[in-house]
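The values are calculated or read from the model by the stated rules, or taken from the named source; none is laboratory data. All of these numbers come straight from a predicted model, not from anything done at the bench. So basically every Cβ, Gly included, is an ideal-geometry build from the backbone, and we count neighbours across all protein chains shown. Heavy atoms of the whole protein, side chains included, go into the accessibility calculation; ligands, DNA and RNA do not. Shrake-Rupley method; radii C 1.70, N 1.55, O 1.52, S 1.80 Å.
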Amino acid sequence: MRAFVFPGQGSQSVGMGKALADASPAARELFQEVDDALSFNLFRLMAEGPEDQLTLTENAQPAIMANAIATLRVMQREGGFSIAQKGDYVAGHSLGEYSALCAAEALDAGTTARLLRLRGQAMQAAVPVGEGAMAALLGADIAKAQALADAAAQGEVCAVANDNDPSQVVISGHKAAIDRAVAMVKEHGIKRGILLPVSAPFHCELMQPAADAMAQALAEVALVAPLLPVYANVLAAPIAEPDEIKLRLVEQVTGRVRWRESVAAMWDAGVTEFVEIGGKVLTPMIKRIAPDATVRSIVTMDDIEAALGAL
């Protein structure tokens with residue numbers, strides 16, 4: 001069994017998508033579709049920067065999705081690839097769940113881009129800059145991370161935001177609480193705490209205004225059943241019913257990204273091969289969760305050609 005997975009924020013870089021667009025009319029068409037949907041030249045920003053603008057949440061989120069879906073579009077148009085025939089599940093890390101739903105044709109690319117731009121804007125607006133923070137805890141499992149978050153909260157929000165793999169957990173919340181947590185890592189048997197260069201504290205209760213905005217937006221969107229079940233971040237379980245998908249996307253804004261549990265659940269369900277489309281971020285995590293899994297990343301035209309021959 002095979003799962004196709006899609007990366008989240010932090011996987012963006014200036015130049016992303018350019019080689020694909022240079023090589024493939026299918027990629028150029030997808031990037032144009034996204035630009036038209038946003039009434040904004042996102043592809044130029046992806047290809048040329050500047051980096052500080054690409055890194056803005058409202059730009060990074062649709063850009064990462066567009067890059068992944070362009071990669072898939074090239075595989076479909078030029079290699080006759082079918083995700084429904086070649087896969088059993090899709091999943092994505094945070095915003096990657098939207099990419100996964102687009103890949104499985106629950107949403108079209110233009111709608112997905114608009115939702116992600118709104119999601120980025122709403123997440124940024126939910127908490128004034130400087131009031132929130134996130135930190136990666138290296139050498140921490142979920143139990144150690146939770147104990148640290150509880151100890152550092154002291155009446156403020158300090159929550160486990162991303163359970164990425166057995167050795168990396170991300171916490172999110174009020175800046176003072178996150179700073180306390182980073183200062184306390186050694187007391188909790190954690191190797192290191194590193195503040196992340198993000199503009200808002202994602203996946204914690206401070207994001208409730210953004211969740212409300214997404215609930216309103218998703219209520220107005222035509223979302224159909226995906227070609228393949230999607231492993232929902234907040235459940236670490238597969239879902240396919242459109243109304244439930246919308247509900248879980250809203251919960252995901254404030255909820256924990258249960259990536260480690262999702263991969264472990266897919267492995268337990270019989271998935272032995274994980275294919276990351278549009279990035280090389282998730283495959284190392286997957287190998288730490290399921291060491292015996294086969295992993296593949298598809299980013300370049302060479303990757304696409306190799307994958308079309310192998311999948």
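Peptides 81-94, 279-292: what's the order by average Cβ count within 10 Å, highest mean first? Each step should come with its number before you reach the end.
Values: 81-94: 20.7, 279-292: 18.1.
The most tightly packed comes first, giving 81-94, 279-292.
With a 1.4 Å probe and all protein chains left in place, how much of the accessible area of the chain comes from carbon and sulfur atoms, in whole percent?
On the way: 6060 of 12000 Å².
Taking all protein chains in place, the chain shows 51 percent carbon and sulfur surface.
Dividing the alpha-carbon radius of gyration of segment 200-311 by 2.2 N^0.38 Å (N being the number of residues), what value is obtained?
Working: Rg = 16.1 Å, N = 112, 2.2 N^0.38 = 13.2 Å.
In units of the globular-protein estimate, segment 200-311 measures up at 1.22.
Test of understanding: extend the Cα→C-beta vector of Ser13 to 7 Å, then name every residue of segment 273-288 with backbone N under 17 Å from that spot.
276-285, by backbone N distance to the label point.
With every protein chain present, what is the per residue accessible area of the chain (1.4 Å probe, Å²)? Don't skip to the answer; put the middle values down first.
Numbers: 12000 Å² over 311 residues.
Computed with neighbouring chains in place, this is 39 Å² per residue.
Whole-Hz ³J(HN,Hα) for each residue in segment 155-162, computed from phi via Karplus 6.51 cos²θ - 1.76 cosθ + 1.60 with θ = phi - 60°, x for glycine and proline: what do you get?
Computed from phi, the couplings for segment 155-162 are x, 9, 7, 8, 10, 6, 9, 10 Hz.
Given the DSSP H assignment, sum -39500 (n - 2.57) over each helix run of at least 4 residues in the chain and divide by its residue total; what's the result at 222 nm in deg cm²/dmol, nearest 500?
Values: 15 runs with 158 residues, N = 311.
One gets -15000 deg cm²/dmol as the mean residue ellipticity at 222 nm.
Pop the C-beta distance of Met184 and Gln208 into the FRET formula with R0 = 22 Å and round what comes out to the nearest 0.05.
Taking R0 as 22 Å, the efficiency between Met184 and Gln208 is 0.25.
Considering only DSSP beta bridges whose two residues both sit in the chain, what percent are antiparallel, to the nearest 5? Could you put the intermediate results ahead of the total?
On the way: 20 of 36 bridges.
Antiparallel bridges make up about 55 percent of those DSSP assigns within the chain.
Please list the three semi-axes, largest first and in whole Å, of the ellipsoid equivalent to segment 132-210, using sqrt of 5 times the eigenvalues of its alpha carbon gyration tensor.
18, 13, 11
Once phi is turned into θ = phi - 60°, what whole-Hz ³J(HN,Hα) does the Karplus curve with 6.51, -1.76 and 1.60 give for every residue of segment 58-66, x standing for Gly and Pro?
These are the phi-based 3J(HN,Hα) values: 5, 9, 4, 5, x, 5, 5, 5, 4 Hz.
Evaluate E = 1/(1 + (r/R0)^6) for Ala151 and Ile194, where r is the Cβ-Cβ distance and R0 equals 22 Å; express this FRET efficiency to the nearest 0.05.
Details: r = 18 Å, r/R0 = 0.83.
Using R0 = 22 Å, I get an efficiency of 0.75.
Which of rounded, prolate, oblate describes segment 56-146, given a ≥ b ≥ c as roots of the alpha-carbon gyration tensor eigenvalues and a/c under 1.5 marking rounded, otherwise prolate only if a/b is larger than b/c?
oblate
Once Lys and Arg get +1 and Asp and Glu get -1 on their Cβ, which of Leu38, Gln85, Ala66 lies farthest toward the positive end of the dipole of segment 3-92?
Gln85
Please report the net charge: other residues with Cβ closer than 13 Å to the Cβ of Arg114, K and R +1, D and E -1.
Numbers: positive: Arg117, Arg119; negative: Glu33, Asp35, Asp36, Glu58, Asp108, Glu220.
In short, -4.
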